[in-house]
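The block underneath contains the structure these notes are about, expressed in structure tokens.
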Amino acid sequence: MAMSSQTPLGSKNLPTIDLWDLRSNVSKSIVEACDQFGFFKVINHGVPKEIIEKVQQEGFSFFAKPTFVKQQAAQASPANPLGYGHKNIGALGDKGELEYLLLSTHPSYIAEKSITISDDPSRFSSTVNHYIQAVRDLTCELLELIAEGLYVKDKSVFSGLIRDVESDSLLRLNYYLPTSKDDDIGFGEHSDPQLLSILASNDVAGLQILVEKDAWISVPADPNAFWVIVGDMLQALTNGRFVSVRHRVLTNTSKPRMSMIYFGAPSLQASISAPPELLRPIGHSLYRTFTWKAYKEKLYSQGLTATRLDGFKN
């Protein structure tokens with residue numbers, strides 16, 4: 001039965017993965033969560049709370065600056081989406097009720113940009129790079145557990161794409177100011193294009209996932225956990241077994257919401273094709289082999305709500 005558009009999903013029903021559990025149990029539970037929702041919560045994840053809080057503080061400090069200062073720091077544009085943005089999402093006119101800071105995860109890039117972003121560049125650079133390293137390690141651990149749970153012989157087949165020194169992974173800080181209505185769209189419906197997205201937020205809810213046509217369920221806030229979102233690349237790499245979950249963010253009427261999302265992506269030249277073990281159930285590949293660069297080019301030519309993988313089907 002379809003849930004109403006505002007039906008909250010209680011924590012007891014939301015897939016929650018405890019990384020302190022037996023590895024075989026964890027692996028199986030993650031695969032089940034990805035099969036059912038393309039989404040799960042992870043606790044006892046090993047990322048120190050102080051690292052998460054420090055990045056959050058850096059985000060609040062940046063977004064508190066005057067607009068012209070933020071624009072001078074790193075103004076995003078359709079040609080270069082990295083940097084600071086306000087309301088405009090992507091290259092095709094999509095809008096949202098948010099400000100954001102989108103950063104490459106390469107340490108040298110963070111060090112360079114910190115000079116214009118922060119009043120204390122060395123602190124910002126150190127804080128953000130520590131956070132990126134921690135969530136990258138978590139992402140790779142989860143991808144290896146997924147490979148184990150899918151009985152893929154090479155357990156690094158997915159995580160190796162993220163560990164590549166040329167990985168095109170990103171870190172995005174989203175800041176949603178309070179608005180006049182509970183149901184204002186802060187960030188509209190979309191799927192994430194990368195393999196996995198690792199999301200942390202403050203104690204303000206707003207994230208919703210789509211479980212059926214027009215059936216949105218609200219995700220409770222938990223500043224001590226991470227939310228893990230299956231992206232388009234993992235859908236392709238699992239030959240369509242996992243489906244990238246469509247999600248959105250609603251604003252809050254009384255409190256600002258800060259979220260930090262690590263988008264685990266391959267290198268631009270990485271070839272995306274499912275391992276042989278995941279072709280056997282249906283006997284062929286649902287998608288033609290393509291590079292992450294080719295997919296990104298397609299991504300930037302379409303709007304936020306597009307179902308981009310359809311253009312790569314066999």
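If a residue must be over 13 Å from the mean Cα position of the chain (by Cα) and closer than 16 Å to Ser159 by Cβ, how many such residues does segment 237-268 contain?
Counting residues in segment 237-268 that are over 13 Å from the mean Cα position of the chain (by Cα) and closer than 16 Å to Ser159 by Cβ gives 5.
Of all residues in segment 294-314, those satisfying the criterion of being open to solvent by 90 Å² or more (accessible area, probe 1.4 Å) and either basic (Lys, Arg) or out of contact with any His (no Cβ under 9 Å at 6 or more places or on another chain) (or both) are Glu297, Tyr300, Lys313.
Per the conditions (1) assigned to a loop (DSSP other than H, G, I, E, B); (2) open to solvent by less than 50 Å² (accessible area, probe 1.4 Å), the sole criterion not satisfied by Asp119 is (2).
Looking at Ser197, Ser180, Ser218, which one is under 15 Å from the mean Cα position of the chain (by Cα), closer than 22 Å to Tyr100 by Cβ and of a type in the set (S, T, N, Q)? Result of the check over Ser197, Ser180, Ser218: Ser197. Scan segment 69-80 and give yes if some residue there is small (Gly, Ala, Ser), more than 29 Å from Gln302 (Cα to Cα) and surrounded by fewer than 14 Cβ atoms within 10 Å (Cβ to Cβ), otherwise no. There is no residue in segment 69-80 that is small (Gly, Ala, Ser), more than 29 Å from Gln302 (Cα to Cα) and surrounded by fewer than 14 Cβ atoms within 10 Å (Cβ to Cβ). The condition of being touching a helix residue (DSSP H, G or I) at 6+ places or on another chain (Cβ under 9 Å), under 22 Å from Ser254 (Cα atoms) and of a type in the set (A, V, I, L, M) holds for only one of Ala205, Ala200, that being Ala200.
The values are calculated or read from the model by the stated rules, or taken from the named source; none is laboratory data. Because the structure is predicted, anything quoted here is derived from the model rather than measured. When we count neighbours, we look across all protein chains shown, and the Cβ atoms used for this are built from the backbone with ideal geometry, even at glycine. All accessible areas refer to the heavy atoms of the entire protein, side chains included, with ligands and DNA or RNA removed. Shrake-Rupley method; radii C 1.70, N 1.55, O 1.52, S 1.80 Å.
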